[in-house]
Amino acid sequence: MRRAPAADDAGGMKVVNYAMYVPTSEMAVSLRPAHREYLTRLHSDGRLLACGPLTGDALAGANGALFIYEADSVAAAREILAADPYEIGGVFTLCQLSQWEVIKANPALLRAMP
């Protein structure tokens with residue numbers, strides 16, 4: 001079960017990771033279970049707010065995904081990324097991390113999702 005944010009988590013930074021990867025590579029297929037388990041742990045720990053693949057047309061044979069991390073800094077989000085099996089295994093071809101300032105949001109989106 002996802003932990004409820006503590007009162008002092010309210011100042012946490014949201015960091016968006018726009019990632020590109022080649023989903024059909026043998027490495028991606030073999031690492032997918034470990035990658036998904038890692039995401040489950042991050043979500044349970046409250047360090048991953050949302051994630052999922054970008055749908056639509058593939059770009060030059062690559063696909064993308066969006067991850068929204070809860071972190072103390074962009075550097076801390078880079079550490080989260082560095083421990084992802086897809087990053088370790090070289091599945092990600094490009095990751096761009098940026099601080100995201102939430103102006104308005106649907107609270108249902110930011111709550112834990114199954």
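Derivation of every value follows stated rules applied to the coordinates shown; laboratory data play no part. Just so you know, these numbers come straight off a predicted model, no measurement behind them. Here the Cβ positions follow ideal geometry from the backbone for every residue, glycine too, while neighbour counts run over all protein chains shown.
Laid out as a table, the results:
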{"item": "Inter-label distance, nm, simple model (7 Å from Cα along the C-beta direction), residue 93/residue 108", "result": "3.6 nm"}
{"item": "Length released on extending from residue 26 to residue 44, taking residue separation times 0.36 nm less the Cα-Cα span", "result": "3.7 nm"}
{"item": "Amide proton proximity set for residue 48, modelled H, under 5 Å, gap of 5+", "result": "43, 70"}
{"item": "Ratio of the Cα radius of gyration of the range 12-101 to 2.2 N^0.38 Å, where N counts its residues", "result": "1.03"}
